[in-house]
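What follows is one structure encoded as structure tokens, with my remarks underneath.
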Amino acid sequence: MMTYSERLHPWVIIRLLPQMQRVVVARFRNRSDAEGHLWALKRLMPDAEFIIVFDVGNRIDEES
């Protein structure tokens, strides 16, 4: 279940790791803030792979 804070910050930057692993780096209220942070991350870590997603909170284990 998503916390109240997570619901307020639906835009998420995720770092993609080897073997289909991933790590949530940061959460934001709006996409433009996420894109600005992503731009800085890419400059600091040019070899790392990041994506921005909109987290709606519907996880497979929560649908029961």
Hits in segment 22-49 (condition: polar (S, T, N, Q) and assigned to a helix (DSSP H, G or I)) = Ser32
Every residue from segment 11-37 that is free of Cβ contacts under 8 Å to residues at least 12 places away in the same chain and open to solvent by 60 Å² or more (accessible area, probe 1.4 Å) | Pro18, Gln19, Met20, Gln21, Arg22, Val23, Ser32
Name, by its number, the condition in (1) in a loop (DSSP other than H, G, I, E, B); (2) among the hydrophobic types (A, V, I, L, M, F, W, C); (3) modelled with pLDDT of 95 or more that does not hold for Met2.
-> (3)
Condition test on Val53, is it part of a strand (DSSP E or B), of a type outside the set (D, E, K, R) and free of Cβ contacts under 8 Å to residues at least 24 places away in the same chain?
-> no
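The values are calculated or read from the model by the stated rules, or taken from the named source; none is laboratory data. All of these numbers come straight from a predicted model, not from anything done at the bench. Here Cβ is always computed from backbone atoms with ideal geometry, including for glycine, and neighbour counts include all displayed protein chains. Ligands, DNA and RNA are excluded from the accessible area calculation, which covers all protein heavy atoms including side chains. Shrake-Rupley method; radii C 1.70, N 1.55, O 1.52, S 1.80 Å.
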